[in-house]
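J.: Mind looking over this structure? Questions follow.
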Amino acid sequence: MTTTAYAALTRAAWLASVRDRTTVFFTFAFPLVFLLVFGLLFRGQSVDGGLPYINYTAPGVLAWGVGNAALFGPAFAMMHWRRDDILRLVWRTPTPLPTVLASRFAVAVGVGLAQAVLFTAVALLPAFGLHLPGTWPLALPLLVLGVAAFLALGLVVGSLADTPEAVAAIANCVMVPMAFLSGAFYPADLLPGWIRTLSWALPLRYLDHGLTNVLAGRGGLGPLGLDCLGLAAFTALFGIVATRTFRWSNRT
Amino acid sequence: MTTAGDLLAMRPRVRTDLIVGPRLMRGPTPVHLVKDPVSGARMELGAKEHFIVSRLDGTRPLAEIGQEYATAFGARLGEAQWQQLLRLLSVRGLLAGVGTGAGQGTGAVARPHPSASGGPEGAFTPTGVRTGRGTGGVGGADARQPPPAVSERPNGSAPQGSWLGGRTKLVADAPALMDRLHEATAWARRPAVLGPLFALCAALLVTEAVQFGQLAHDTRRLWHEPVTLLAAGAVLWVSLALHELAHGLVARTYGLEVGEIALRRVAGVMTYLYCEVTDVQFLGRRGRQVAVACAGVVANLVFLLPFWPVWALLPDHAQAEPFFGGLLLLGTATGLANLIPLPPLDGYKALGYALGTLRLASESRGWARLAARAALRRTPEDRARAARYARATRWILGGYAVLCVALAAAVLLAAGLACRAALPAGWHQVSPYLPVAAVLAALLLRTAGLRLRAMRRTQPDGTDGPAAPGARAARTTTAGGVPVPPATATATHATEPPPAAGPVPPDPQEKSAMTTPDLASEPAVVLDGVTKSYGEVRALDGVSFDVTRGEFFGILGPNGAGKTTLVEIVEGMRQADSGSVTVLGSAPWPRNLELLRRIGVQTQTSAFFTRLTAIEHLETVAALHGLERTTAGRALETVGLTDKARSRVDNLSGGQRQRLALATALIHEPDLIFLDEPTAALDPEARRSLWAVLRRLRTEGRTIVLTTHYLDEAEALCDRVAIIARGRLVALDTPSALVRGLAAPARLFVPADRITPDQARAIEGVDRVLVEGGEVVIETRAANRVLVAVGAFVDMSEIRTRTATLEDAYLRLTGTEHSSR
């Protein structure tokens, strides 16, 4: 039986992700802790003139969790693959590099969907009180595009950094301020006006904004389309930067 | 056998590089920790052993030490005891190489050494009888050492643990980080800076105590502002990181080694940082040991100092008051909580160091149990065992046990009160007892779990879990009674290789079994004037040679000679600046997929997909090549790794990794194989077994190009060898022709007491005579004749010979200063 390179690489990436217990912990348990803390602290409260708190907390934590996982995984993989000469191994085979990246993307989307299911399910518990509108499937394209944008960003980080420490440092420097500025931990409607304006320059803002609207059943297709467009634009931008920064080997 | 007089006249010497710690108490027994800096092994020496070890300096005979011992301990050491003790020390590798003994050869008390022969019979034949003195005081690795299963992972970087627990390294190279920090903080490590800093910390604590009400109020308010609380929590995380760095920094200042700084996960939800410092208890002064343990808490307090004035200067009812007040109180609380003397907190370590005890908690538990039993049953044995504890020790251990009980009671009481406050009024009947019930349930579960595991371990298949190699092996040797004899006279074979230090020499017979290549066929690789520069550096400078089909071709050269660049050019990963390259009839540059299908490359870094098993890795590689999955199993079989198919690549040993890398290069059955230093960093046995695999490949008719800087490897494997130095080809021929061209003399090694240098010089045909390490070395170009002549002085079986090897040729050609060894 011949396995296609794509299927085999997806399997390899999947096994590598699942076996990295630390990462699994931080991918699922860490955002979940945030969700539990915020969800319980603000139980039953609403933002003045806005939605219930859980309607900000759940999509915010979800957006941050998905973005984080989609960025860190490929960034570390890229760095490791270059350092351990896996990229050279791929270079010697007929399999093109986009196949390798596509397999990473598939795994990242899978992880993102798993996160979405878990966090939404927890938020739907009576203790937290989220209600899912019938239009929830609209979140799927958002998630896929969000994963794509952060994966592209992850490839840039992975191409720039040569050590695991550097990957973690760069990725955290990117993600932590972005999470605070995009309203992932804090209702975006409560952010000062100028920060809210500034936040539209960040990919996480589009994901957070779109998910908040979808989960609240508000906004409609127009804003959602704009959010998707924004994420697609960031994907393209980071993709171009990634092709510029890509290196086959550390020794060049 | 030696007589007692011979033995007592000996002056063995303990290795001077051993690190011996100060006197510590482990339960009732005084012990000294000893570390072997070479192997990293740690041992405990009892007081009597330490008494002797500290006197074995190579100048005093055993008789003298024995007398001192008798005065100190009131017991004489008989011959059997001395033998036992010396054997024990030598088995553990604690004795220096050769002592200056009474007679020639008798001094070889140290580890087994094949060349230590010729004199009288080995001095110490193991008696196989354990003396009543019980030398078992030596042994057992220090408990603070990480378990071998963790420390002996080949890579060390692999994340360990299960879903719920495990550890994650946060700093890749903690020692290097500590070195940098140590330099950067040199200005601060002066009394002029530290004194005021400590004073400020004390002032902070006093202020906090005085203004506790206000701080508590702020903290309560903080609890109602989750976002601020989160911010305070984030700031405290920084403080925790500084805490660990402070441990490491103080340890580094006192010259200790910082193992790693990492995050540990326990039971799925708890995570904490830790800094592993080894050998704290080797520090001579207890104050320093305590300083290492307490440094973290001081760092916590120092970190809070800047927030203090801000808090104090804030106007009343300011918005930021809860943040700063809460930060101060929570920060101080977490810091001081670390001083609670319970394992694994800093306070416990500090207390243990201050009292000079080892394993305070478990020894204290042991003493408490013993004391309780002695008080209840009053059997003479129990009383005798209890009497072994000195008065001071009893107070320390008993006091600690009482302290633990009191602490546990206080914690349970507090938890009970908290439960009562938190749960609704209807629960008041039971709520205070919930924590106690929870602890009891947890203890029951733990006991049941441990029992279960113990039952599983003792399954009839006879395995009792993975054995800790170091400590346990050492123990078995003593208990077994018949360890390796330290020095037994072995008849030296006439052609024995030089002592084990050098690499294993090639076996000429193995090689002659190979077929010689068919030189008529078309070349596999043709290089013509290949040049490559990186900036100013000329990596390759006009290199030309051909590799014939089916040939085993070696490229030799010191590190940085351009070997790797050459391979990269031949496979088409780099373009040569000038010159032409033809591989299997076509040009490799630019990326030539058709050609790449026929080439297999094993690079220096073994390229494995992370966290896969060996077979999964190969299946992935097979799919990358568009091959069937079953090829993976076949490739694994080729390199003899089938039994490791389900092992993770990170857990393979060095030799197994190299085999897997070879299987990766071979999976698509290439005609031409490049191996870039396949046996670098392998032990002799693993190298030998990899050679066997390579030879088998050779017989399958593949062309193999091997770069190496091991001469013996090239000599054993290669049909032809190219020697490259500074980017140039300096020689190209068969190994034997290279050696012959050297016309180097053969060397005969004769034990020095059998022939004098002058007698040797008188023999006809001898070029030069040297004395090296107890042997007379005779250089000659007429080996046969000289050998016969030397045979008149000494039995043939005691002569070793060594003829010139490729190594000599190599050193001559590349210049000794470029030798990699």
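The values are calculated or read from the model by the stated rules, or taken from the named source; none is laboratory data. Just so it is clear, the model here is predicted, and its values are computed rather than measured. As a convention, Cβ positions derive from the backbone with ideal geometry for all residues, glycine included, and neighbour counts pool all protein chains shown. Please note that ligands, DNA and RNA were not included when accessible areas were found on the heavy atoms of the full protein model with its side chains. Shrake-Rupley method; radii C 1.70, N 1.55, O 1.52, S 1.80 Å.
J.: Could you please find all residues in segment B:660-687 being in a helix (DSSP H, G or I) and at pLDDT 85 or above?
T.: From segment B:660-687, those in a helix (DSSP H, G or I) are B:660-666, B:684-687; that's our starting set.
B:Leu660, B:Ala661, B:Leu662, B:Ala663, B:Thr664, B:Ala665, B:Leu666, listed by residue number.
J.: In segment A:24-59, which residue that is within 14 Å of another protein chain (Cβ to nearest Cβ) and among the hydroxyl-bearing types (Ser, Thr, Tyr) is farthest from A:Ala123 (Cα to Cα)?
T.: A:Thr27
J.: Now for a different question. Give the residues of segment B:9-42 that are in contact (Cβ under 8 Å) with a residue 24 or more places away in the chain, in contact with a Pro (Cβ under 8 Å, 6 or more places away or on another chain) and in a strand (DSSP E or B), sorted by residue number.
T.: Of everything in segment B:9-42, those that are in contact (Cβ under 8 Å) with a residue 24 or more places away in the chain, in contact with a Pro (Cβ under 8 Å, 6 or more places away or on another chain) and in a strand (DSSP E or B) turn out to be B:Ile19, B:Arg23, B:Leu24.
J.: Within segment A:214-252, track down each residue that is at pLDDT below 90, open to solvent by less than 30 Å² (accessible area, probe 1.4 Å) and in contact with a Gly (Cβ under 8 Å, 6 or more places away or on another chain).
T.: none
J.: Checking B:Thr703 against (1) more than 15 Å from B:Gly550 (Cβ to Cβ); (2) at pLDDT 85 or above, only one condition comes out false. Which one?
T.: The single condition B:Thr703 does not satisfy is (1).
J.: Just for segment B:637-654: of the residues that are open to solvent by 10 Å² or more (accessible area, probe 1.4 Å) and assigned to a helix (DSSP H, G or I), which one is nearest to B:Ala524 (Cα to Cα)? Even if it seems obvious, please write down each step before you answer.
T.: In the first step, residues of segment B:637-654 are kept if they are open to solvent by 10 Å² or more (accessible area, probe 1.4 Å); the result is B:637-638, B:640, B:642-648, B:650-651, B:653-654.
The next check asks that each one be assigned to a helix (DSSP H, G or I); those that pass are B:637-638, B:642-644, B:650-651, B:654.
Numbers: B:Glu637: 27, B:Thr638: 23, B:Thr642: 31, B:Asp643: 34, B:Lys644: 34, B:Asp650: 35, B:Asn651: 36, B:Gly654: 30 Å.
Filtering first and then ranking leaves B:Thr638.
J.: Here is a follow-up. So B:Tyr389 fits all but one of (1) part of a helix (DSSP H, G or I); (2) buried (at least 19 other Cβ atoms within 10 Å of the Cβ); what number is the exception?
T.: Single failed check for B:Tyr389: (1).
J.: If you go through segment A:153-174, how many residues are away from chain B (no Cβ under 14 Å) and open to solvent by less than 10 Å² (accessible area, probe 1.4 Å)? Walk me through how you get there before you give the answer.
T.: So the first thing to find is which residues in segment A:153-174 are away from chain B (no Cβ under 14 Å), and the list is A:153-157, A:159-160, A:170-171, A:173-174.
The next check asks that each one be open to solvent by less than 10 Å² (accessible area, probe 1.4 Å); those that pass are A:154, A:157, A:159, A:171.
Of the residues in segment A:153-174, 4 are away from chain B (no Cβ under 14 Å) and open to solvent by less than 10 Å² (accessible area, probe 1.4 Å).
J.: Also: Could you tell me which residue of segment A:69-113 is most open to solvent (accessible area, probe 1.4 Å), considering only residues that are among the charged types (D, E, K, R) and facing chain B (nearest Cβ under 8 Å)?
T.: Initial filter on segment A:69-113 (among the charged types (D, E, K, R)): A:82-85, A:88, A:92, A:104.
Imposing the further condition that a residue be facing chain B (nearest Cβ under 8 Å) reduces the set to A:83-85, A:88, A:92.
Numbers: A:Arg83: 92, A:Asp84: 37, A:Asp85: 5, A:Arg88: 7, A:Arg92: 21 Å².
Only one residue tops the list, namely A:Arg83.
J.: Applying the selection to segment B:575-617, what residues are aliphatic (A, V, I, L, M) and surrounded by fewer than 17 Cβ atoms within 10 Å (Cβ to Cβ)? Spell out how you get there, then give the answer.
T.: Residues of segment B:575-617 aliphatic (A, V, I, L, M): B:576, B:581, B:583-584, B:587, B:593, B:595-596, B:599, B:601, B:607, B:612, B:614-615.
Once the filter is applied, which keeps residues that are aliphatic (A, V, I, L, M) and surrounded by fewer than 17 Cβ atoms within 10 Å (Cβ to Cβ), segment B:575-617 yields B:Ala587, B:Leu593.
J.: To continue, here is another question. Among the residues of segment B:540-561, is there at least one that is part of a helix (DSSP H, G or I) and free of Cβ contacts under 8 Å to residues at least 40 places away in the same chain?
T.: Start the filter on segment B:540-561 by keeping residues that are part of a helix (DSSP H, G or I), which leaves none.
Among the residues of segment B:540-561, not one is part of a helix (DSSP H, G or I) and free of Cβ contacts under 8 Å to residues at least 40 places away in the same chain, which makes the answer no.
J.: What do you reckon, is A:Tyr186 part of a helix (DSSP H, G or I) and among the aromatic types (Phe, Trp, Tyr)?
T.: Answer is no for this residue.
J.: Only one of these is more than 38 Å from the chain's Cα centre (by Cα), under 24 Å from B:Leu342 (Cα atoms) and part of a helix (DSSP H, G or I): B:Ala409, B:Ala421. Name it. Please lay out each step first, then the result.
T.: Working: B:Ala421 fails: under 24 Å from B:Leu342 (Cα atoms).
Just one listed residue meets the conditions, B:Ala409.
J.: Hey, any hits in segment A:169-182 for a residue that's in contact with an Asp or Glu (Cβ under 7 Å, 6 or more places away or on another chain) and outside any helix (DSSP H, G or I)? Lay out the reasoning, then the answer.
T.: Taking segment A:169-182 as the starting set, the residues that turn out to be in contact with an Asp or Glu (Cβ under 7 Å, 6 or more places away or on another chain) are A:182.
Restricting the remaining residues to those that are outside any helix (DSSP H, G or I) gives A:182.
Yes, because at least one residue in segment A:169-182 is in contact with an Asp or Glu (Cβ under 7 Å, 6 or more places away or on another chain) and outside any helix (DSSP H, G or I).
J.: Go through segment B:716-767 residue by residue and tally those that are surrounded by fewer than 18 Cβ atoms within 10 Å (Cβ to Cβ) and part of a helix (DSSP H, G or I).
T.: 10
J.: Going through B:Ala231, B:Ala202, B:Ala209 one at a time, which residue ends up being open to solvent by 40 Å² or more (accessible area, probe 1.4 Å) and modelled with pLDDT under 90?
T.: On the way: B:Ala202 fails: modelled with pLDDT under 90; B:Ala209 fails: modelled with pLDDT under 90.
Selected residue: B:Ala231, the only one of B:Ala231, B:Ala202, B:Ala209 that is open to solvent by 40 Å² or more (accessible area, probe 1.4 Å) and modelled with pLDDT under 90.
J.: Kindly evaluate A:Leu181 against the criterion of being under 18 Å from the mean Cα position of the chain (by Cα) and at pLDDT 90 or above.
T.: Values: under 18 Å from the mean Cα position of the chain (by Cα): yes; at pLDDT 90 or above: no.
No: the conditions fail for A:Leu181.
J.: Go over the candidates B:Ala623, B:Ala665 one by one and state the one that is open to solvent by less than 40 Å² (accessible area, probe 1.4 Å), small (Gly, Ala, Ser), within 14 Å of chain A (Cβ to nearest Cβ) and free of Cβ contacts under 8 Å to residues at least 12 places away in the same chain. If you could, list the steps in order and put the result at the bottom.
T.: Details: B:Ala665 fails: free of Cβ contacts under 8 Å to residues at least 12 places away in the same chain.
Result of the check over B:Ala623, B:Ala665: B:Ala623.
Here is a yes/no grid of residues against (1) in contact with an Asp or Glu (Cβ under 6 Å, 6 or more places away or on another chain); (2) of a type outside the set (Phe, Trp, Tyr); (3) closer than 28 Å to B:His32 by Cα; (4) outside any helix (DSSP H, G or I):
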position	(1), (2), (3), (4)
B:Leu328	no, yes, no, no
B:Gly335	no, yes, no, no
B:Ile340	no, yes, yes, yes
B:Ala350	no, yes, yes, no
B:Ala354	no, yes, yes, no
B:Ala361	no, yes, yes, no
B:Ala368	no, yes, yes, no
B:Ala372	no, yes, no, no
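J.: Can you confirm whether B:Ala632 is in a loop (DSSP other than H, G, I, E, B), within 12 Å of another protein chain (Cβ to nearest Cβ) and among the hydrophobic types (A, V, I, L, M, F, W, C)? So that I can check it myself, show each step before the final result.
T.: Working: in a loop (DSSP other than H, G, I, E, B): no; within 12 Å of another protein chain (Cβ to nearest Cβ): yes; among the hydrophobic types (A, V, I, L, M, F, W, C): yes.
Against the criterion (in a loop (DSSP other than H, G, I, E, B), within 12 Å of another protein chain (Cβ to nearest Cβ) and among the hydrophobic types (A, V, I, L, M, F, W, C)), B:Ala632 does not qualify.
J.: Then there is this: Suppose we keep only residues that are within 7 Å of chain A (Cβ to nearest Cβ) and part of a helix (DSSP H, G or I) within segment B:590-609. Which one would you say is nearest to B:Ile673 (Cα to Cα)?
T.: Here the answer is B:Leu596.
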